[in-house]
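Chemist: Before anything else, here's the structure in question.
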Amino acid sequence: MVSRPRRISAEAAARRALLVDALCAIALALVALTFCAGLGIVGVIAVLTLIAIGLWFATEALVHTLKRR
Amino acid sequence: MPTARRARRIVLLAAIACLIPAGVSYVSAMSEKHNVGLGISSVEWLRQNGGNSLVSEIENWYYTLTAPEKGGAPLRSLPQVGIASAGATTPKKAYRPPRVTPVIHPTLPGEGVWKPAAAGAGSEPPVLLTTFRSDPSYPQFVAGVAWIDSARTRLAYVPGLAEPPEPLAHRGPGEVPAPERKRLVATFNGGFPLETSNAGLIYRGQVKETMVNGIATIVEYRNGKVDLIRWHQGPGAPAGVWFAKQNLPPIIYEGRLNPNLSDGPEWGETVNNAVRVWRSGLGIDRHGNLLYAAANYQTVESLAKILQRAGAVRALELDINEDWTSFITYRHPGALEPSNLLPEMFRSPERYLVPDERDFFSVSLRRGQEW
């Protein structure tokens, strides 16, 4: 039996979180591809989502920059 | 990492994962042969990949916002169509359609008067063209109408490169084949894509898409006779039918307008019937000759009225929107000097002489008939 290490480095925890998130994302994508009417709609929604997330990142960066000043 | 950021990362990765197959499909579709721009091809790809309702909603919204105003300054002249020549003389033997009675007075020179489409077509030209203002509320709109002599011509259904999407043993090049151009007199657009019209198709005697009862159908029988009927022969292909192309319910039947020209699921997944866009239709007169009509800013009802005024006793709507509406005549044998029915028609008159995405109809002189 291999027991779980009690202390996990921050990098390892981040890697694990990324793996879990990636698996969740793949599952979400599979659900979307299965239940959406077609690849066209999936593509449109994905592009809109990327734009929205891009705006989110941009807003965060802007707020961060303003705070620094 | 905060939960919100993790959720964002998951959604971001999911969006990227979704974009991969969508992107592959899009790039693959765009790299195929096209004779339309990237924008139109992209919209078509979206339509074919589950986005038809979305595209129709956007179109409805756009066309409603850009709807034309009623009235306006009266026209002083009509676009010149056909050949102003001795071909317009009164024939002695064959049936010729009567002048289309103008709707708006005073009439403009040549309004409703049939002119031959081709030069040197003699006293019985196989295709006649005319224009008239069809709606008193919109006196600036001009409808173009073509009359096709069924005794002298033969109609052929030509599959496009992408429409119909069903596998065909004889799809052809998506254009008028070179050997058939010598006798070619006209070409015009087909109906809605099958997936949006909920209709059937028989091609070369074989069912390619299940036929639907009650739907308006252009039929060519194996003996060469063409008719426009309301289909009541079930899902299969009757023995005598060579091709049958369906598109929506009839807009005119036995001389009367369809009383239900308003919207409903029977009119396909497309823009509302009351939205004013480029529309085209095909009718048949009481002598069995075909009538094609097209105009910008038409509703289904106003299109039906154009065809009825031109003499159609049965008619169906064909394709709509400026990108898909074409009626082209060829002024000389060999498909030379192609010309659109109306000058403002968007697509090139060369459209069907190069591969086209959508299916269409060609009209050729029958064997034994000369220019």
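Chemist: At what distance in nm do the modelled label points of B:GLU254 and B:HIS170 sit from each other, each positioned 7 Å from its Cα along Cα→Cβ?
Modeler: Spacing of the two 7 Å Cα→Cβ label points: 3.5 nm.
Chemist: Under 5 Å between amide hydrogens, which residues at least 5 positions from B:ILE251 or on another chain qualify, with H placed 1.01 Å from N in the peptide plane?
Modeler: Sorted by chain and number, the residues that satisfy this are B:ALA315, B:LEU316, B:GLU317.
Chemist: Taking the Cβ of each residue in B:MET30, B:MET211 as the centre, tally the other Cβ atoms inside 10 Å and list the residues starting with the fewest. Let's see the in-between values first.
Modeler: Working: B:MET30 12, B:MET211 23.
Ranked by crowding around the Cβ, least crowded first: B:MET30, B:MET211.
Chemist: Per residue of the range B:152-158, what does 6.51 cos²θ - 1.76 cosθ + 1.60 with θ = phi - 60° give for ³J(HN,Hα)? Whole Hz please, x for Gly and Pro, Karplus curve as stated.
Modeler: Using θ = phi - 60°, the values come out as 9, 10, 10, 8, 10, 8, 10 Hz.
Chemist: Would you mind getting the Kirkwood hydrodynamic radius of the range B:268-334 from its Cα pairs, rounded to one decimal in Å? All intermediate terms of the calculation are to be shown ahead of the outcome.
Modeler: Working: mean 1/r = 0.0801 Å⁻¹.
Computed over Cα pairs of the range B:268-334, the Kirkwood hydrodynamic radius comes out at 12.5 Å.
Chemist: Restricting the calculation to Cα positions, tell me the Rg (one decimal) and the Dmax (whole number) of chain A in Å.
Modeler: 18.2, 54
Chemist: Semi-axes of the equivalent ellipsoid for the protein assembly as shown, please: Cα gyration tensor eigenvalues, times 5, square-rooted, ordered largest first, whole Å. The partial results should precede the final answer.
Modeler: Details: eigenvalues 546, 123, 74 Å².
That gives 52, 25, 19 Å for the three semi-axes.
Chemist: Let me ask something additional. What ranking do B:LYS182, B:LYS245, A:LYS67 get, fewest neighbouring Cβ atoms within 10 angstrom at the top?
Modeler: Numbers: B:LYS182 12, B:LYS245 27, A:LYS67 7.
By the 10 Å Cβ count, ascending: A:LYS67, B:LYS182, B:LYS245.
Chemist: What Rg and what Dmax come out for chain B when only alpha-carbon atoms are used, in angstroms?
Modeler: 21.7, 90
Chemist: What FRET efficiency do you get for B:ALA84 and A:ALA37 if R0 is 60 Å and r is their Cβ-Cβ distance, rounded to the nearest 0.05?
Modeler: On the way: r = 52 Å, r/R0 = 0.86.
That pair, B:ALA84 with A:ALA37, gives E of 0.70.
Chemist: Now for a separate question. At 7 Å along Cα-to-Cβ for each site, give me the label-to-label distance between B:PHE346 and A:LEU48 in nm.
Modeler: Going from the B:PHE346 label point to the A:LEU48 one covers 2.3 nm.
Chemist: Would you calculate, for chain B, the mean residue ellipticity at 222 nm contributed by helices, counting each DSSP H stretch of 4 or more residues as -39,500 (n - 2.57) and dividing by all residues, to the nearest 500? Can you show the working numbers first?
Modeler: Details: 5 runs with 66 residues, N = 371.
Value at 222 nm, helices only, nearest 500: -5500 deg cm²/dmol.
Chemist: So, one more: Within a 10 angstrom radius of each residue's Cβ in B:40-46, how many Cβ atoms of other chains show up on average? Whole number is fine. Walk me through the numbers on the way to the answer.
Modeler: On the way: counts 0, 0, 1, 1, 1, 4, 6.
So the per-residue partner count for this stretch is 2.
Chemist: Based on other C-beta atoms within 10 Å, arrange B:LEU228, B:LEU303, A:LEU55, B:LEU13 from fewest to most. Walk me through the numbers before you get to the answer.
Modeler: On the way: B:LEU228 22, B:LEU303 28, A:LEU55 10, B:LEU13 19.
The fewest-first ordering by Cβ neighbours comes to A:LEU55, B:LEU13, B:LEU228, B:LEU303.
Chemist: Return the whole-Å distance between the Cα centroid of the range A:7-62 and the Cα centroid of the range B:298-352.
Modeler: 48 Å
Chemist: Continuing with this model, one more query. Given a Förster distance of 56 angstrom, what is the FRET efficiency for B:HIS105 paired with A:LEU30, based on the Cβ-Cβ distance and rounded to 0.05?
Modeler: Details: r = 66 Å, r/R0 = 1.17.
Efficiency computed from Cβ-Cβ geometry: 0.30.
Chemist: While we're here: Quick one: compute the contact order of the range B:175-260, relative version, from alpha carbon pairs under 8 angstrom and 6+ residues apart, as a percent.
Modeler: Details: 143 pairs, mean separation 25.1, N = 86.
This gives 29 percent for the range B:175-260.
Chemist: Working out 0.36 nm times the residue gap between B:TYR95 and B:TYR221, then minus their Cα-Cα distance, what length gain in nm do you get to one decimal? Before the final figure, lay out the partial values.
Modeler: On the way: separation 126, 0.36 × 126 = 45.36 nm, distance 2.23 nm.
Gain on stretching B:TYR95 to B:TYR221: 43.1 nm.
Chemist: Which distance in nm do the two modelled labels at A:TRP56 and A:ARG16 give, with both placed 7 Å along the Cα-to-Cβ direction?
Modeler: Output for this residue pair reads 2.4 nm.
Chemist: Can you compute 3J(HN,Hα) from phi for each residue in the range B:116-121, using the Karplus curve 6.51 cos²θ - 1.76 cosθ + 1.60 with θ = phi - 60°, rounded to whole Hz and x for Gly and Pro?
Modeler: Computed from phi, the couplings for the range B:116-121 are x, 7, 10, 6, x, 8 Hz.
Chemist: Given R₀ = 35 Å, what would the calculated FRET efficiency be for B:GLU269 paired with B:VAL354, taking r from the Cβ atoms and rounding to 0.05? Mind dumping the intermediate values first?
Modeler: Values: r = 29 Å, r/R0 = 0.82.
For B:GLU269 and B:VAL354, the calculated efficiency is 0.75.
Chemist: Moving on to the next point. Provide the net charge surrounding B:ARG9, with neighbours chosen by a C-beta distance below 15 Å and charges set as Lys +1, Arg +1, Asp -1, Glu -1. Each step should come with its number before you reach the end.
Modeler: Numbers: positive: A:ARG15, A:ARG16, B:ARG5, B:ARG6, B:ARG8; negative: A:ASP21, A:GLU60.
Summing Lys/Arg as +1 and Asp/Glu as -1 gives +3.
None of the figures in this text is laboratory data; all of them are computed from the coordinates on show. Nothing here was measured: the structure is a model prediction, and the numbers come from that model. Note that each Cβ is placed from the backbone with ideal geometry, even for glycine, and that neighbours are counted across all protein chains shown.
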